[in-house]
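Right, one structure below, let's go through it.
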Amino acid sequence: MKITKAANRYAKSLLDLSIEQNKVEEVFEDMSNLAKTVEGSRDLQVMLNSPVIKPDAKAKVLTLVFSGNVGEMTAKFIALITDKGRESLLGGIAHAYVIQYKIYKKVSQAEVISAAPLDAESRARIEAELQKLAPGLSDLTETVNPDLIGGYVIKVGDQMLDASVSTQLRELRREFTENLYVPGF
């Protein structure tokens with residue numbers, strides 16, 4: 001989902017308003033669900049981006065889809081966005097809100113890439129170590145990449161720890177090609 005500057009501005013405004021009215025968690029849940037819904041429905045994306053469908057028809061569809069599933073503040077926000085003709089930004093706004101919420105709450109995300117799925121013990125050990133490195137960590141995603149051969153890669157924010165066998169083999173290959181060994185000494 002593409003997050004534009006306008007989507008970021010709307011998300012920031014919504015975050016500020018939700019902080020002001022003490023509804024940050026409620027709006028976060030709504031925006032998370034809205035982002036998943038828009039991302040998961042190709043028909044909804046096409047409808048939101050269609051210049052042929054009239055804004056009042058889009059507003060009715062959004063009301064039917066989300067009424068009872070979102071809080072009052074989020075429902076009013078969706079209505080405001082459709083009134084302004086910016087409904088095509090709705091998915092991007094929802095994603096931007098989730099990102100800004102995590103920054104506001106100081107929640108860091110980490111990704112573990114391994115050659116095979118982690119067992120429960122390994123995952124718990126990695127989470128414990130990551131808590132030491134990045135306090136407040138709550139989002140740990142796991143990805144399996146058989147090309148790593150063995151080991152793992154951990155990404156936290158803009159930092160990366162690569163302890164994979166494929167990287168170690170690549171480093172050895174580089175060292176052997178740069179080796180200035182001269183036979184006969």
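At a 10 Å Cβ-Cβ cut-off, how would you order Lys60, Lys2, fewest neighbours first?
Ascending Cβ contact count within 10 Å gives the list Lys2, Lys60.
What fraction of the DSSP beta bridges in the chain is antiparallel, stated in percent and rounded to the nearest 5?
About 65 percent, rounded to the nearest 5.
Quick check: the angle from helix 55-66's long axis to the longest principal axis of the chain, C-alpha only, nearest 10 degrees?
In the chain, helix 55-66 runs at an angle near 70 degrees to the longest axis.
To make sure I understand, if each residue's beta carbon is the centre and we count other beta carbons within 10 Å, what order do Arg174, Arg9, Arg86 fall in, fewest to most?
Arg174, Arg9, Arg86
Can you tell me the Rg and Dmax of segment 5-104, counting just the alpha carbons, in angstroms?
When restricted to Cα atoms, segment 5-104 yields Rg and Dmax of 12.5, 38 Å.
How much mean residue ellipticity at 222 nm does the chain get from its helices, if each DSSP H run of length 4 or more adds -39500 (n - 2.57) and you divide by all residues, to the nearest 500 deg cm²/dmol?
-18500 deg cm²/dmol
Hey, what angle do you get for helix 24-40 against the long axis of the chain, alpha-carbon based, 0 to 90 degrees rounded to 10?
Helix 24-40 and the main axis of the chain meet at about 80 degrees.
Please report how far the C-alpha centroid of segment 103-171 lies from that of segment 44-86, rounded to the nearest whole angstrom.
Centre-to-centre distance over Cα atoms comes out at 38 Å.
Treat the count of other C-beta atoms within 10 Å as a stand-in for reagent exposure and order Phe66, Phe77, Phe176 from fewest to most.
With the fewest neighbours first, Phe66, Phe77, Phe176 line up as Phe176, Phe66, Phe77.
Expressed as cubic angstrom per residue, what is the convex hull volume of the alpha carbon set of the chain?
Taking the convex hull of the Cα positions in the chain, it is 190 Å³ per residue.
Count the net charge of all other residues whose Cβ sits under 12 Å from the Cβ of Asn33, scoring Lys and Arg as +1 and Asp and Glu as -1.
-3
Three principal axis extents, largest first, for the C-alpha atoms of segment 109-178, in Å?
43, 23, 15
Could you grab the relative contact order for segment 109-178? Cα pairs under 8 Å, six or more apart, rounded to a whole percent.
Relative contact order here is 39 percent.
So what is the relative contact order of the chain, in percent, for Cα pairs below 8 Å that sit 6 or more residues apart?
Across the chain, relative contact order equals 22 percent.
In degrees from 0 to 90, rounded to the nearest 10, what is the angle of the helix 72-83 Cα long axis to the longest principal axis of the chain?
80 degrees
Let me check I've understood the local charge: for Pro55, count other residues with C-beta under 12 angstrom from its C-beta, Lys and Arg +1, Asp and Glu -1. What total comes out?
+2
Can you list the lysines whose alpha carbon is less than 21 Å from that of Lys102, not counting same-chain residues fewer than 8 positions off?
By straight Cα distance, Lys102 reaches Lys2, Lys5, Lys12, Lys23, Lys36, Lys132, Lys155.
Throughout, read-outs are computed from the coordinates displayed, never taken from laboratory work. This structure is a prediction, so every number in the text was calculated from the model and none was measured. So basically every Cβ, Gly included, is an ideal-geometry build from the backbone, and we count neighbours across all protein chains shown.
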